Amino acid sequence: MMPGIIVIGASLGGLRALNLVLGNLPKDFRLPIVIVQHRSNELDASLVKQLQQSCKLRVSEAEDKEDIIAGRVYVAPAGYHLLIDSSLFCLSVDQPVLHARPSIDVAFESAADAFGSRTIGVVLTGASNDGAKGAALIKTRGGTIIVEDPVSAECATMPAAAIKSVGTVDAILPLPEIAPFLLKLSLRNGDRKDE
Amino acid sequence: MNDSEEIYDDVEVSEVRLLLDVVYAKYGYDFRDYAYPSVKRRILNSVATEGVASISGLLDKIQNDPACMARLLLHFTVHASSMFRHPSFYKCFREKVVPQLKTYPFVRIWHAGCSTGEEVYSMAILLHEEGIYKRSIIYATDISEDVIQKAKSGIFPMNMMKEFTSNYLKSGGIESFSDYYTAQYDNALFSSHLKENIVFAKHNLVTDASPNEFNVILCRNVMIYFKRELQNKTHELFFNSLIHFGYLGLGEKETLRFTPRENNYEEVDVSQKLYRRTA
Ligand SMILES: C[S@@+](CC[C@H](N)C(=O)[O-])C[C@H]1O[C@@H](n2cnc3c(N)ncnc32)[C@H](O)[C@@H]1O
């Protein structure tokens, strides 16, 4: 069984933030990472390429019914919702949620359903409330929520909304500290698998 | 089947399952092998819009109220589509598939899960411009009678024409797009000659047999809602409905890669998800 999953939601200012987080993860990172970055369809093609430049893990766009593999980074395709179904991805073209498709809430909620307490949600910079509702469900299911510190975030709205919605999040961190924290969590989750 | 069942909120999972069982038993729509996460979302959306408190509340209502079932069905079938959506797909179709189709005296094309018909009219326009529409027949099918009726009407909102036109041009269109429709108040009414060789019909990919043998099958963004097993079953149906060297087109984020039939096709264009049956 997969030891867990990390889902990172980002909106306005996300590219820079994502590069910083992904760029600081080691080559042998043990969890799968799912990225939901709001964007218009046109900007799409370049996102995987741009993230790959800073990231030592393999970055690709998730395809429908693709198996989720640990140590890889998957990007939700523009124009689709990305849902997590235990061992694989499902896409949907249902209506946008809070004007967004891909929606962070949709990815968070499906991850919480599939991975329960082994879900780690990360909310980065953005001018939206997306992710707040999904983060609360992850917390309800016993998972972990990390939020970029609104004080230093490029855009504080989204992190602040997540903090407000969840109540007590597990960590509020400035960007440079997020990758080390994820690494710590991944080792803990990994050990739990071996128990 | 997979380990998801242990992890999901058990009560919710069994409520969803019960609801789908009842929908099938009472109304004949089989959504039991649709992918759980999107089915659950649609059911929860329906719970919210029906003003019931829970999935079991929805279940009670559905059992006694066919109108409620009809509204639930809308959550499973209504989608905003666009003509020449992903223009590069149509461009590739024009360049790589049409020359082959021209070698046949007669061409049959199946749009499975065609929704309100945007992609069907796009295809009709494309075939018309390539000079083979007259010897083609297009089957346009969907599970939902509602969307089929809409597709049949050939009427689309006028405010979509800007997007449709821009897609059309990017897809390699060679005429003036506005020649294909007439404006009526807020609507664009597409020329009836485009409909001449289209057969609109209700067809359920889960339960119905193949309607014919085809040179081309397009099924885009329909099977993303299916579980892998149902997807495989549907690919079996498509494989058996294609002539040798017939073409299969999927949505841009779908793939044959994880299906048992992957070795029976060659890629016409990897990025466009166009495949050709090899034997
Ligand atoms: C997202 S739309 C895709 C429309 C179109 N192919 C496109 O790409 O624009 C999915 C369509 O599949 C239809 N559908 C869902 N289940 C089906 C089934 N079992 N058999 C046939 N059509 C189905 C829905 O009614 C809906 O119209």
Give the separation of the Cα centroids, segment B:28-94 to segment A:14-78, in Å. 29
Kindly give the semi-axes, whole Å and largest first, of the ellipsoid equivalent to segment B:104-156, taking each as the square root of 5 times a Cα gyration tensor eigenvalue. 21, 12, 7
Helix-only [θ]222 nm of chain A, DSSP H runs n ≥ 4, -39500 (n - 2.57) each, per residue, nearest 500: -10500 deg cm²/dmol
Please calculate the 1.4 Å probe accessible area of A:Ser152, with all protein chains present, and give it to the nearest 10 Å². 70
Spatially proximal aspartates and glutamates relative to B:Lys134 (Cα-Cα < 16 Å; intrachain offsets below 8 disregarded): B:Glu196
So which residues of segment B:209-231 lose at least 20 Å² of accessible area, probe 1.4 Å, when you go from the chain by itself to every protein chain present? B:Asn221, B:Ile224, B:Tyr225, B:Arg228, B:Gln231
Over chain A, calculate the relative contact order: mean separation of alpha carbon pairs under 8 Å at least 6 apart, over the residue count, as a percent. 23
Per residue, how much accessible surface does chain B expose to a 1.4 Å probe? Answer in Å², no decimals. 43
With Cβ to Cβ distances under 12 Å as the rule, what net charge do the other residues near B:Phe177 carry (K, R +1; D, E -1)? -2
If the convex hull of the alpha-carbon atoms of chain A is projected onto planes in all directions, what is the mean projected area in square nanometres? 9.3
Shielding score for A:104-115, defined as the mean number of other chain Cβ atoms within 10 Å: 3
Which pairs break 27 Å Cα to Cα here: B:Lys195/B:Lys233; A:Lys133/B:Lys273; A:Lys27/A:Lys65? B:Lys195/B:Lys233; A:Lys133/B:Lys273
Rg/Rh (Cα only; Kirkwood hydrodynamic radius) as it applies to segment B:87-277: 0.95
Just from the alpha-carbon atoms, what are the Rg and Dmax of the protein assembly as shown in angstroms? 23.1, 69
If I fit a long axis through the Cα atoms of helix B:55-64 and take the longest principal axis of the Cα atoms of chain B, what angle between them do I get, 0 to 90°, rounded to 10? 80
By DSSP, what percent of the beta bridges with both residues in the protein assembly as shown are antiparallel, rounded to the nearest 5? 35
I'd like the Kirkwood hydrodynamic radius of segment A:25-108, using the inverse of the mean 1/r over distinct C-alpha pairs, in Å. 13.0
Burial ranking of peptide ranges B:168-178, B:268-278 (average Cβ count within 10 Å, highest at the top): B:268-278, B:168-178
Please express the Cα-Cα pair-distance distribution P(r) of segment B:1-147 as a list of whole percents, one per 5 Å bin, running from 0 to the bin with the greatest distance. 2, 8, 15, 16, 12, 10, 9, 9, 8, 6, 3, 0
How well do other chains shield peptide A:60-67, expressed as the mean number of their Cβ atoms within 10 Å of each residue Cβ? 6
Please arrange B:Arg135, B:Arg71 by accessible surface area, largest first, computed with a 1.4 Å probe and ligands excluded. B:Arg71, B:Arg135
With every protein chain left in place, what is the accessible area per residue of chain A in square angstrom, probe 1.4 Å? 37
As straight-line cross-link partners of B:Lys61, the qualifying aspartates and glutamates (C-alpha separation under 15 Å, not fewer than 8 residues apart within one chain) are B:Glu15, B:Asp21, B:Glu50
Which distance in nm do the two modelled labels at A:Arg16 and B:Leu189 give, with both placed 7 Å along the Cα-to-Cβ direction? 5.4
Post the alpha-carbon centroid distance, segment B:184-198 to segment A:167-182, in whole angstrom. 56
Quote the total accessible area buried by chains A and B together, excluding ligands, DNA and RNA, probe 1.4 Å, nearest 100 Å². 2600
Using the scaling law 2.2 N^0.38 Å as the reference, what is the normalised Cα Rg of segment A:49-160? 1.05
Relative contact order (%) - criterion: Cα under 8 Å, at least six apart; region: segment B:87-277: 23
Other chains' Cβ within 10 Å of B:77-85 residues: what's the mean? 1
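The values are calculated or read from the model by the stated rules, or taken from the named source; none is laboratory data. The structure displayed is predicted, hence computed values, not measured ones. Cβ atoms come from the backbone with ideal geometry, glycine included; neighbour counts cover every protein chain shown. Just the protein is used for accessible areas: all its heavy atoms, side chains included, with ligands, DNA and RNA removed. Shrake-Rupley method; radii C 1.70, N 1.55, O 1.52, S 1.80 Å.
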